[in-house]
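Participant: I have a structure I would like to understand better, so I am pasting it below and will then ask my questions one at a time.
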Amino acid sequence: MMAPLSRTSGAGESVKVWDPLVRVFHWSLVCLFVFSFVTGDEWKKAHILSGYAIAGLIALRLVWGLLGPHHARFANFLYAPTTILAFLRDSLAFRAKRYLGHNPAGGAMVVLLLAAVSGIVTTGYMMTTDAYWGVGWVEDVHKALVYSTIGLVALHIAGVVVASVEHRENLVRAMVTGRKRRED
């Protein structure tokens, strides 16, 4: 039986990192993306409504990235490409620095996922308009963005697993509870 990756239940052992809006945004986006993927060709009305809900979530997260608490702000987790690449190299060698909030790769992933999902929403909306209804390239871009996003999600999950093992903490639990172990 495996030991837990971290203890976050004791007094003084953990600190609040992810605020409720970030956590609700994250898991709502996960659920709505899966729902949209499943309903895409089968249940158009629900698919379109889900797309509008995702657009609202993205807009809210963009505002929260500017005005929210410290760890939710983009300024707290946007790094230079050289820093991101150095972090990725160190992660692959299991010697990366631990971050209380998003690490450089995680911050880059947030930006990539927000951009990709925004592109999906934009092209999805375009397909409902008279100007772009039935236009092949719009649907092709929409589908390419969906499958690219699935690839990004797979990389995101792999990064969470690597960081969880490397730093001996359960990052999935942290995105549910909002709490992480205090900095080393």
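The values are calculated or read from the model by the stated rules, or taken from the named source; none is laboratory data. Here the structure is a predicted model, which means the values were calculated and not measured. Virtual Cβ from ideal backbone geometry, glycine too; neighbours counted across all protein chains shown. These area figures cover heavy atoms from the full protein model, side chains too; ligands, DNA and RNA do not enter into them. Shrake-Rupley method; radii C 1.70, N 1.55, O 1.52, S 1.80 Å.
Participant: Residues in region 75-86 that are farther than 22 Å from L57 by Cβ, aliphatic (A, V, I, L, M) and part of a loop (DSSP other than H, G, I, E, B): how many?
Facilitator: From region 75-86, those farther than 22 Å from L57 by Cβ are 79-86; that's our starting set.
The next check asks that each one be aliphatic (A, V, I, L, M); those that pass are 80, 84-86.
Narrowing the set further to residues that are part of a loop (DSSP other than H, G, I, E, B) leaves 80.
Total meeting the criteria: 1.
Participant: Also, I was wondering about something else. If you scan region 29-45, which residues turn out to be under 13 Å from V146 (Cα atoms), aromatic (F, W, Y) and either surrounded by fewer than 17 Cβ atoms within 10 Å (Cβ to Cβ) or touching an Asp or Glu at 6+ places or on another chain (Cβ under 9 Å) (or both)?
Facilitator: Hit for region 29-45 is F37, nothing else.
Participant: Is it true that S148 is modelled with pLDDT of 95 or more, among the small types (G, A, S), open to solvent by 60 Å² or more (accessible area, probe 1.4 Å) and assigned to a helix (DSSP H, G or I)?
Facilitator: Details: modelled with pLDDT of 95 or more: yes; among the small types (G, A, S): yes; open to solvent by 60 Å² or more (accessible area, probe 1.4 Å): yes; assigned to a helix (DSSP H, G or I): yes.
The answer is yes for S148.
Participant: Separate question: Being over 20 Å from G178 (Cα atoms) and part of a helix (DSSP H, G or I) is the filter here, so list the residues in region 87-107 that pass it.
Facilitator: Step one: list which residues in region 87-107 are over 20 Å from G178 (Cα atoms), which gives 87-97.
Result: F87, L88, R89, D90, S91, L92.
Participant: Pairs under 6 Å by beta carbon, first residue in contact (Cβ under 8 Å) with a residue 12 or more places away in the chain in region 94-113, partner surrounded by fewer than 20 Cβ atoms within 10 Å (Cβ to Cβ) and small (G, A, S), six or more apart or different chains?
Facilitator: Filtered contacts from region 94-113: A105/G159.
Participant: Tell me which of these D130 doesn't satisfy, since it passes every other one: (1) without any contact (Cβ under 8 Å) to a residue 60 or more places away in the chain; (2) buried (at least 17 other Cβ atoms within 10 Å of the Cβ); (3) in a loop (DSSP other than H, G, I, E, B); (4) of a type outside the set (G, A, S).
Facilitator: (2)
Participant: I would also like to ask the following. All but one of (1) out of contact with any Gly (no Cβ under 9 Å at 6 or more places or on another chain); (2) open to solvent by less than 80 Å² (accessible area, probe 1.4 Å); (3) not charged (D, E, K, R) hold for L112; state the number of the condition that does not hold.
Facilitator: It is condition (2) that L112 fails.
Participant: Can you tell me which residues in region 51-79 are closer than 20 Å to A163 by Cβ and of a type in the set (A, V, I, L, M, F, W, C)?
Facilitator: Those that are closer than 20 Å to A163 by Cβ and of a type in the set (A, V, I, L, M, F, W, C): A72, F74, F77, L78.
Participant: Within region 46-85, can you find the residues that are surrounded by 14 or more Cβ atoms within 10 Å (Cβ to Cβ), hydrophobic (A, V, I, L, M, F, W, C) and closer than 18 Å to V30 by Cβ?
Facilitator: A46, L49, A53, I54, A55, L57, I58, L60, W64, A72
Participant: Is there a residue being β-branched (V, I, T), within 21 Å of V15 (Cα to Cα) and open to solvent by less than 50 Å² (accessible area, probe 1.4 Å) anywhere in region 159-173?
Facilitator: Applying the first criterion (β-branched (V, I, T)) to region 159-173 yields 160-162, 165, 172.
Retained after the next criterion (residues that are within 21 Å of V15 (Cα to Cα)): 160-161, 165, 172.
From what's left, open to solvent by less than 50 Å² (accessible area, probe 1.4 Å): 160.
Scanning region 159-173, I find at least one residue that is β-branched (V, I, T), within 21 Å of V15 (Cα to Cα) and open to solvent by less than 50 Å² (accessible area, probe 1.4 Å), so the answer is yes.
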